[in-house]
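Step one of this worksheet: look at the structure below.
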Amino acid sequence: IDRPLAGRATAALKADGTLEAPRLHLSMRADDLDADIRAGQLSADLLAMRDGPGWSFEGTGDASGLTWPGSPDLPDALAWTARGNIDDGATRVAVERFTVQARDAELAATGAVDLAGALRGHGTIQLTARDLSRWRALAGLPLSGQLSVQADLAMAEDVATAEIAGQTAALSTGDTRLDALLGPKVDIHASVKRDAAGALALEGLKVTGAHL
């Protein structure tokens, strides 16, 4: 480790099942962690199981007492879950579901990546914020309302695309002129492409609101 690290941590690994179908359990705990990010408590529980020609995995974890250097308005607590599978050669990874929850918001993702040869993959990311007022400090605006965003992603032959759709409900920004322009319900649709050279292009954008 090339940086200062302080705190207490424990880990326990347990194996059971059979030789044909082994199961590995890993439990980790950390208290008063002080690194780039500080945490009062971290925990994670992971389970890997032999599943046909590969392994399936699932896990849960949470963190509390978080402090983010330079970003004090980020959440001080979060929880996550993960479930998926990986083949024996580690050439294909599939995430059935991955979630992170904090401040009445959830980020959820599913997808698969093929690592053999040219990188190929697809996935969906969904963000749901049920109470935007809990993100006011981070946004720098007295927000309120709800937000949902979905991005459908695809990659093949070093070209990546994203189709993005978002919607608000009962939106208020605290700016009367902006609120009059947008209204409480705003719909956003965008198409983004990254070519093999790494250049990004916005291929489509549509925003609809009360006076848009």
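The values are calculated or read from the model by the stated rules, or taken from the named source; none is laboratory data. Note that the coordinates shown come from a computational prediction; the quantities given were computed from them, not determined experimentally. Virtual Cβ from ideal backbone geometry, glycine too; neighbours counted across all protein chains shown. Only protein heavy atoms, including side chains, enter the accessible area calculation; ligands, DNA and RNA are left aside. Shrake-Rupley method; radii C 1.70, N 1.55, O 1.52, S 1.80 Å.
Looking at segment 1-79, what strands (runs of 3 or more DSSP E) fall wholly within it and have at least 3 residues that are open to solvent by less than 70 Å² (accessible area, probe 1.4 Å) and more than 25 Å from Glu96 (Cβ to Cβ)?
On the way: elements: 6-17, 22-34, 38-51, 54-64.
It comes to 6-17, 22-34.
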| field | Condition check for Leu138: within 24 Å of Leu74 (Cβ to Cβ), of a type outside the set (Gly, Ala, Ser) and buried (at least 17 other Cβ atoms within 10 Å of the Cβ) | value | no
| said: I'm trying to understand the selection: among the residues of segment 179-212, which are closer than 24 Å to Asp131 by Cβ and either modelled with pLDDT under 95 or in a loop (DSSP other than H, G, I, E, B) (or both)? | reply: Gly183, Pro184, Lys185, Val186, Gly209, Ala210
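Does any residue of segment 33-48 turn out to be over 21 Å from Leu78 (Cα atoms) and either of a type in the set (Gly, Ala, Ser) or within 26 Å of the chain's Cα centre (by Cα) (or both)?
Taking segment 33-48 first, the residues over 21 Å from Leu78 (Cα atoms) are 48.
Now narrow it down to the ones that are either of a type in the set (Gly, Ala, Ser) or within 26 Å of the chain's Cα centre (by Cα) (or both): 48.
Yes.
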| Does segment 172-186 hold any residues that are open to solvent by less than 70 Å² (accessible area, probe 1.4 Å) and out of contact with any Gly (no Cβ under 7 Å at 6 or more places or on another chain), and which are they? | Thr173, Gly174, Asp175, Leu178, Asp179, Ala180
| query | Within segment 36-48, is there a residue that is in contact (Cβ under 8 Å) with a residue 12 or more places away in the chain and farther than 27 Å from Ala108 by Cβ? | reply | no
| message | Just to be sure before I move on: is His211 open to solvent by 70 Å² or more (accessible area, probe 1.4 Å) and either within 30 Å of Arg83 (Cβ to Cβ) or free of Cβ contacts under 8 Å to residues at least 24 places away in the same chain (or both) in the structure I sent? | response | no
| task | Would you be able to tell me the number of residues in segment 152-200 that are under 22 Å from Thr124 (Cα atoms), of a type in the set (Lys, Arg) and in contact with a Ser or Thr (Cβ under 7 Å, 6 or more places away or on another chain)? | result | 1
| task | Would you check which residues across segment 93-132 are modelled with pLDDT under 95, surrounded by fewer than 17 Cβ atoms within 10 Å (Cβ to Cβ) and of a type outside the set (A, V, I, L, M) and list them? | result | Asp104, Gly117, Arg120
| among the small types (Gly, Ala, Ser), open to solvent by 60 Å² or more (accessible area, probe 1.4 Å) and over 22 Å from the mean Cα position of the chain (by Cα), is that true of Ala201? | no
| Can you tell which of Gly145, Gly117, Gly89 is closer than 22 Å to Asp179 by Cβ and more than 20 Å from the chain's Cα centre (by Cα)? | Gly145
